[in-house]
Amino acid sequence: FFKETRRIEIGSHIVSNSSEVFFIAEIGNNHNGSIENAKKLINISKGAGAHAVKFQLRNMNDLYREKSLRNIDNDLSVEYTIDLLNKFQLKKESHIELKEYCDDLGILYLCTPWDKSSVGFLEENFNLPAYKIASADFVNVPLLEKVSQTGKPLILSTGMTTENEIIYISNLLNDWGVKFVLLHCNSTYPAAPSDINLSYIKTL
């Protein structure tokens, strides 16, 4: 399916032209803001055979309006989201500690940056083998451009996209010379079995 020029490596793993499964354990914010919980989840992931664990990093000031951050936006859904993120986000220093913990344990640390300044922080402080893009940012062209400039492979979830958007972004990344992987995703948690449609992987 991939030409040799599209050979994609993440760490020591070849994820194109390979029958190997690259197993990423999604930790996200499931540590509830606790670095101790995060380390426990890394240990469990390593024990389950995962090749990598993935976290999230966001700069709240870049993502939300000042009114939303000050809870004077009258948008209860945004207030609820911001309140949870403020409670459960890890500090940048914690990400550095967790990256070192992963290195010592022999499992790859991956991260989803939600904004351009988070990309900058990750580039300055980590040597990540790839970047993961969330479904919600699949068509966030400024963010994709920033991440693409790192020269790292991209892993993109497609859970909030139309097929036309997938084709458009794929063509754009190809034009930029970016190596990327598309993930079939259903952005409903938990997803009903009738909505999973694994056969769409063949289309991707």
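The values are calculated or read from the model by the stated rules, or taken from the named source; none is laboratory data. Fair warning: this is a prediction, and the values are worked out from it, not measured in the lab. All Cβ positions, glycine included, derive from the backbone under ideal geometry; neighbour counts span all protein chains shown. Note: areas computed on protein heavy atoms with side chains; ligands, DNA, RNA excluded. Shrake-Rupley method; radii C 1.70, N 1.55, O 1.52, S 1.80 Å.
In whole Å and largest first, what semi-axes does the C-alpha gyration tensor of the stretch 88-204 yield when each eigenvalue is scaled by 5 and square-rooted?
Working: eigenvalues 134, 69, 33 Å².
They are 26, 19, 13 Å, listed largest first.
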## Note on the structure
Once both label points are put 7 Å beyond Cα along the C-beta direction, the ASN29-GLN149 separation in nm becomes 2.7
### Message
In Å and on Cα atoms, what radius of gyration and Dmax does the stretch 156-204 show?
### Response
12.0, 36
### Task
Arrange the peptides 24-33, 189-198 so that the one whose residues have, on average, the most other Cβ atoms within 10 Å appears first.
24-33, 189-198
### Query
Carbon-plus-sulfur fraction of the accessible area of the stretch 129-204, 1.4 Å probe, in percent?
55
### Task
Enter the Cα centre distance for the pair the stretch 98-112 and the stretch 181-203, rounded to the nearest angstrom.
27
### Query
Sequence-distant or interchain residues sharing an amide H contact under 5 Å with GLY28, placed H: which?
LYS54, PHE55, GLN56
### Task
State to the nearest 20 debye the size of the charge dipole of the stretch 115-155 about its Cα centre, where the only charges are +1 on K and R beta carbons and -1 on D and E beta carbons.
100
